[in-house]
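The values are calculated or read from the model by the stated rules, or taken from the named source; none is laboratory data. The model shown is predicted, which means the values in this text are computed figures rather than measured ones. When we count neighbours, we look across all protein chains shown, and the Cβ atoms used for this are built from the backbone with ideal geometry, even at glycine.
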Amino acid sequence: MLQPSAPKDIEKMIEATAKAMALAEYRCGTPRMVKLYMDEVRKVLLDVARAAKRLNWTPDELVRVLKPPRRPARYWDQQEDPPRRGGS
């Protein structure tokens with residue numbers, strides 16, 4: 001998360017989103033592929049912002065909804081010495 005005094009650069013956010021979209025579709029995040037997604041990313045982010053505004057969501061609520069859920073800890077992850085697999 002950005003610090004309050006840090007400048008906000010929308011172009012960095014757009015470029016990062018374009019790279020994520022290119023990686024998700026083609027598994028390729030080269031600058032040429034990222035450039036192809038730049039126009040689509042602006043439309044997607046604008047639509048998300050409009051929908052959030054229409055639904056009266058705060059940015060914190062939007063982040064909470066979009067963040068993937070954490071994997072619950074398994075029993076052996078909670079123990080100091082996890083059980084070993086195999087013979088001995």
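When residues of the stretch 30-83 are filtered for being modelled with pLDDT of 75 or more and out of contact with any helix residue (DSSP H, G or I) (no Cβ under 6 Å at 6 or more places or on another chain), how many remain?
32
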Worksheet item: Can we say residue 60 is more than 15 Å from the chain's Cα centre (by Cα), free of Cβ contacts under 8 Å to residues at least 60 places away in the same chain and on the phi < 0 side of the Ramachandran plot?
Response: no
Worksheet, complete the sentence: When residue 86 is run through (1) on the phi < 0 side of the Ramachandran plot; (2) at pLDDT below 90, the failure sits at (1)
